[in-house]
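Please read the structure below before turning to the comments.
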Amino acid sequence: MQKSLPSTSSGGQNETHDPGAGVARPDPACLVPVCDRLTPFSNNAPVKAVVTQIVPKVSGEVIEVNAVNGERVQAGAVLARVDPQPYEIARDRAQADLQTALQQIGAGSAQVAAAQARLARATTDLKNTQLQTARVFEMERKGLAAAEIALSGAKADLERAQASLGRRRRTTRLRLCSTFIPGAS
């Protein structure tokens, strides 16, 4: 039989290594602490009982113990009670924070709704202004067309008046001339 050589694994535990087998096995001297945690150990007599570690889901001050040392208990039985006051305070604080957050969301939603209403009103005002402006421009265009027509009519009247004035002047000159010049008529 070949001699086993001690070696160190990545976990830092001592192991023996059998070069022929190619399999690493734990050193039997290291099993005692591991076994001690799982089953009780006594130098006086062998004990055949399994000790189960109890790990709480929460930490806190134990205010009530419902089991006696060495007593058999059923699965799911309540063994101890932890003071609920710190957890109730934390729960109440979390609920208050939740309500504050919900109110802020509600306020934010109300602000968004108000902004949407302002946007809708501004859009409606813009459309109304555009329609009124178009109507005013149309009226101005019509008024300008009417003014242009009136201006054209006034120009035509002016030209007729000027032509009439010119004719009257000539007629008046001719009459004056015929009045002062004998035999001019």
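The values are calculated or read from the model by the stated rules, or taken from the named source; none is laboratory data. Only a predicted model underlies this, so the values are computations on that prediction, with no experimental measurement involved. Cβ sites come from the backbone with ideal geometry, for glycine too, and all protein chains shown count toward neighbours.
The residues of region 121-167 that are under 53 Å from the mean Cα position of the chain (by Cα) and among the small types (G, A, S), listed by number, are A122, A134.
Looking for something among the polar types (S, T, N, Q) and modelled with pLDDT of 90 or more - is there at least one such residue anywhere in region 46-59? Before the answer, list the steps.
Pass one, region 46-59, residues among the polar types (S, T, N, Q): 52-53, 59.
Imposing the further condition that a residue be modelled with pLDDT of 90 or more reduces the set to none.
No: zero hits.
Do we find a residue being part of a helix (DSSP H, G or I), over 30 Å from I54 (Cβ atoms) and β-branched (V, I, T) anywhere in region 82-90?
no
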